[in-house]
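Below you'll find the structure, written out as C-alpha cells, and then a few comments.
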Amino acid sequence: AVAQAIAQQCDAAQRLTILTGAPLPTGWVGKVWALEQGAAWCGFGSVPHSLPTSGKPQLLKLKPQYLLLTDADIVHAPNSLRRLVSESEQGRLALNSRMARLRCVSAAERWLIPPFVFFFNLLYPMRQVNNPQSRMAGAAGGCVLLHGDALVQAGGFACIKDCIIDDVNLARCIK
C-alpha cells in the first residue's frame, strides 16, 4: 500500500508492479525466497514457480542485465545507480556492493554502529574482498548490484536458500 501510494504521488503507478509472494518452501529463508521470486520474475530464477501480482502485471519486454538488491530504508544518492552500473561495466564486476551510511543518532546507535562497521571491516578486509585472486568474499546487503548472468551461473538464489546472512554468502557464491 505504501509503495502504491508513493508511485501514485510520483505519477508512476503504471510503472510499478507489486508481486505477491508465494508461500515459503521448506528449507528457504524468507528474504532469500523473496529475492528468488523477484529474480524469477525478471527471468533469472532457478526455482520454477508462478507469481501472482496485484493490479495489472507489467511484463518485462527485455531481461535486465543487472538486479539492484537494496533495503527499504536505504536512501540512495541521485546518481548512485548510474555510478554502480558504470563501475560494474568498467571493472567487469559480477557483484558490486556499497556499505550504506548507517543512521547513528540515538545513544544505542552511537554505541553499536561504529563497532559493527569496524568489525565488519576486520572480518571482510576490502583489499582481500576486492582482489580477484583472494578467496575472501563480502558484501553489504543494503546495496548490491548483481549481474544477472552471474546469478544464473551461481544457481540463482537457491545457492543461499538457507542462509540468514545472505549478503556475504551470496558474495561467496558469485566470487
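The values are calculated or read from the model by the stated rules, or taken from the named source; none is laboratory data. Every value quoted in this text rests on a predicted model; they were computed, and no experiment measured them. With ideal geometry, Cβ positions are generated from the backbone for all residues, glycine too; neighbour counts draw on all protein chains shown. Note: areas computed on protein heavy atoms with side chains; ligands, DNA, RNA excluded. Shrake-Rupley method; radii C 1.70, N 1.55, O 1.52, S 1.80 Å.
If you take the residues of the range 39-66 that are surrounded by 17 or more Cβ atoms within 10 Å (Cβ to Cβ) and at pLDDT 90 or above, which of them is farthest from Arg98 (Cα to Cα)? That would be Ala39.
State whether the residues of the range 92-107 include one that is at pLDDT 90 or above and farther than 26 Å from Gly38 by Cα. Within the range 92-107, one or more residues are at pLDDT 90 or above and farther than 26 Å from Gly38 by Cα. Residues of the range 70-86 that are open to solvent by 60 Å² or more (accessible area, probe 1.4 Å) and either more than 16 Å from the chain's Cα centre (by Cα) or over 24 Å from Lys31 (Cα atoms) (or both): Pro78, Asn79, Arg82, Arg83. Sub-8 Å Cβ pairs linking a first residue in the range 81-97 that is assigned to a strand (DSSP E or B) to a second residue that is among the β-branched types (Val, Ile, Thr), at least 6 apart or interchain, are Leu95/Val144; Leu95/Ile174; Asn96/Val144; Ser97/Val144, ordered by first then second residue.
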